[in-house]
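The values are calculated or read from the model by the stated rules, or taken from the named source; none is laboratory data. Values in this document were obtained by computation on a predicted structure and should not be read as measured data. Neighbour counts are summed over all protein chains in view; Cβ atoms, including those assigned to glycine, are modelled from backbone coordinates with ideal geometry.
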Amino acid sequence: MKLRNGFMGMAVLALAACGGDEPTTAAPETAAAEPVETTVQTWGIGLEEIEGSVQYEYGAKFAELINEKTDGEVEVKLYPYGQLGGLTDIYDQVQAGAVELAFGSGFLGGTVPESQLFSLNFVLTDDEMKNTQILNDSAFRKNEDLVESFRERDLQPLAIVPEGWQVWSANKAIRTPADFDGVAIRTMDNRLLRETYSAYGADPTTMEYGELFSGMQLGQLDANIQPVFAHQEMDFYQVQDYLIFANQAQFIATFMANKGWYDGLSEEYKDVVDETVVELVPYIHDVQVRLNEERLKTITENSDIELVYLTSEERQAFRDLSLPVRDTFAEMVGERGTRLMNVLIEQVVKADVADIAALAAAEPETEMMETETEEAAAQ
Ligand code: 6CS
C-alpha cells in the first residue's frame, strides 16, 4: 500500500474487531473426546508506517514470537499507517485502550513531551548497534523517569527502536548551516525539532507523514528528514535532488502499550512481552541496517539523486548549533525530563569510555604483534 498521493488514511476505526477475547472451540480429536474451549486473545499494534517498513517488520516478528511463546493463546494484529487515521489518532487510540500497542516517534512529543529527547541531535554515538544497546539497557529503558513520563499519559514504554540515521533530502546540497537559509524543511510535529532546525538556519514546517509526497511535489517543502528506507518506500526521493548524510540523529520510535491494559496482564504475559522485546533488540537492528542499505541501492539505481556525506568538520558546525537546544529541552520538560536526558548522556559517555579503555588495553598487544611482525620480516 502506498500513501504517496496524499493522506488517505481517514480513521478506519475497525477497533471493535481489535483486541478482546474470542473464545474458540478446538475440534475434538476423537468422537469421544470432550470439545476443548480455548480463549484466543487478539492484541492490536498501531503502526506509524506502512507494510515493508521497520515498524512493520518489528510488529510481524513480535506477533510471531508472542504467538509461539503463548502457545497460540495470543494473536497479534498489525494496523499499518493509515488504518487507524493519522499519527496523533494512533496515540489517542492507544491512550484510550482502543488499541493495545503502538509505536510513537517524533509526533509523540505532543502527547509525551519527554519523548522529544529522542529527537535531540548529536547526543548518541556514531555506532548504531551501541546506540540500540544503550537505549534498551534497563538503566535507560526501565528508568523510572522514562517510565513515569509515559505512564502519566496512560502509556507504558516497552522498547526503544532506532530505525536508522535520519537523512536529509533537499532540492539543493546542504553542507553548511548557511545552505539551510530559506529552506522549508518538514519536521515531525515537535517543538524540539523546530528549535533544532531553526538553530541550523532553516524554516521548519510541520506536515502529516502521508501528505509529504505532495508537499514536496507541489513545492510547499524544499526538504525532508527520514531514514533511508522511508525516503524510498514513500517515494519521497523521486521529488528531491539530494540525500544528505550528516549522522546527526537516529530515527527513534518507542514501542508502547496502553497502561491499564498492560497493568492488567498476568505476570506470565508481562514476562513474555519483556522477553520478546529484549529478543527483538538485535533482530530489529539487523533488519533496519539491511532495509536502509537495500533501499539506498534501490534509490540510486532508480534515480540520479546525489548523495552528500558530511565530513566531521562539516558535522561539527551543526553539532555546535545543536548544543543550546539541550537547554530548550530542559526548559520544556522540567526536572524529570532533564534527569532522563542526563542519564542518556551519561550512558553514552560510559560507552565511549569503555571503548577507549578497550582500545588502550588492546594497544600493547597490537604493539607486540607489530614488533613480532617486524622481527619476523627482518629474519
Ligand atoms: O516522518 C514521519 O512522520 C514518519 N517517518 C517515519 C520513518 N516513521 C513514522 C513517522 O511518523
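Of the candidates VAL272, VAL278, the single residue that is more than 14 Å from the ligand (Cβ to nearest atom) and surrounded by 16 or more Cβ atoms within 10 Å (Cβ to Cβ) is VAL272. Apart from one condition, GLN55 fits all of (1) in a loop (DSSP other than H, G, I, E, B); (2) at pLDDT 95 or above; the exception is (1). Checked against the criterion of being at pLDDT 95 or above and surrounded by fewer than 19 Cβ atoms within 10 Å (Cβ to Cβ), region 114-123 has no qualifying residue. (1) under 28 Å from LEU84 (Cβ atoms); (2) within 16 Å of the ligand (Cβ to nearest atom): which one isn't true of SER149, the others all being true? SER149 satisfies all of (1) under 28 Å from LEU84 (Cβ atoms); (2) within 16 Å of the ligand (Cβ to nearest atom) except (2). The set of residues in region 84-114 being near the ligand (Cβ under 10 Å from one of its atoms) and under 13 Å from the mean Cα position of the chain (by Cα) consists of PHE103, GLY104, SER105, GLY106, PHE107, LEU108.
Among the residues making up region 268-312, those that are touching a Leu at 6+ places or on another chain (Cβ under 6 Å) and part of a helix (DSSP H, G or I) are THR276, VAL277.
Residues of region 58-73 being over 24 Å from LEU87 (Cβ atoms) and either assigned to a helix (DSSP H, G or I) or within 16 Å of the ligand (Cβ to nearest atom) (or both), which ones? Matches in region 58-73: GLU64, LEU65, ILE66, ASN67, GLU68, LYS69. Within region 167-193, being surrounded by fewer than 23 Cβ atoms within 10 Å (Cβ to Cβ) and among the basic types (Lys, Arg) holds for LYS172, ARG175, ARG191.
Tallying residues that are more than 9 Å from the ligand (Cβ to nearest atom) and either among the charged types (D, E, K, R) or surrounded by fewer than 22 Cβ atoms within 10 Å (Cβ to Cβ) (or both) within region 214-239 yields 10. Here region 182-212 is the region considered, the condition is being within 19 Å of PHE251 (Cα to Cα), touching a residue at least 60 places away in the same chain (Cβ under 8 Å) and of a type in the set (A, V, I, L, M, F, W, C), and the residue that is farthest from the ligand (Cβ to nearest atom) is LEU192.
Is it the case that GLY164 is in a strand (DSSP E or B) and crowded, with 18+ Cβ neighbours inside 10 Å? Spelling it out, GLY164 is indeed in a strand (DSSP E or B) and crowded, with 18+ Cβ neighbours inside 10 Å.
Just one of the listed residues (GLU152, GLU163) is closer than 19 Å to GLY337 by Cβ and not aromatic (Phe, Trp, Tyr), namely GLU152. Given the criteria among the aromatic types (Phe, Trp, Tyr) and more than 25 Å from LEU291 (Cα to Cα), does TYR200 qualify? Yes: the conditions hold for TYR200.
Can LEU158 be described as away from the ligand (no atom under 16 Å from the Cβ) and within 19 Å of SER53 (Cβ to Cβ)? Against the criterion (away from the ligand (no atom under 16 Å from the Cβ) and within 19 Å of SER53 (Cβ to Cβ)), LEU158 qualifies. For region 54-81, the candidate set comprises residues that are among the hydrophobic types (A, V, I, L, M, F, W, C) and buried (at least 17 other Cβ atoms within 10 Å of the Cβ); within that set, the residue that is nearest to ALA253 (Cα to Cα) is VAL54. Taking the criterion of being within 12 Å of the ligand (Cβ to nearest atom) and either closer than 30 Å to PRO324 by Cα or out of contact with any Asp or Glu (no Cβ under 8 Å at 6 or more places or on another chain) (or both), the only residue of region 74-83 that qualifies is GLY82. Would it be correct to say that PHE245 is of a type outside the set (Lys, Arg), in contact (Cβ under 8 Å) with a residue 40 or more places away in the chain, in contact with a Phe, Trp or Tyr (Cβ under 6 Å, 6 or more places away or on another chain) and more than 23 Å from GLU114 (Cα to Cα)? Yes.
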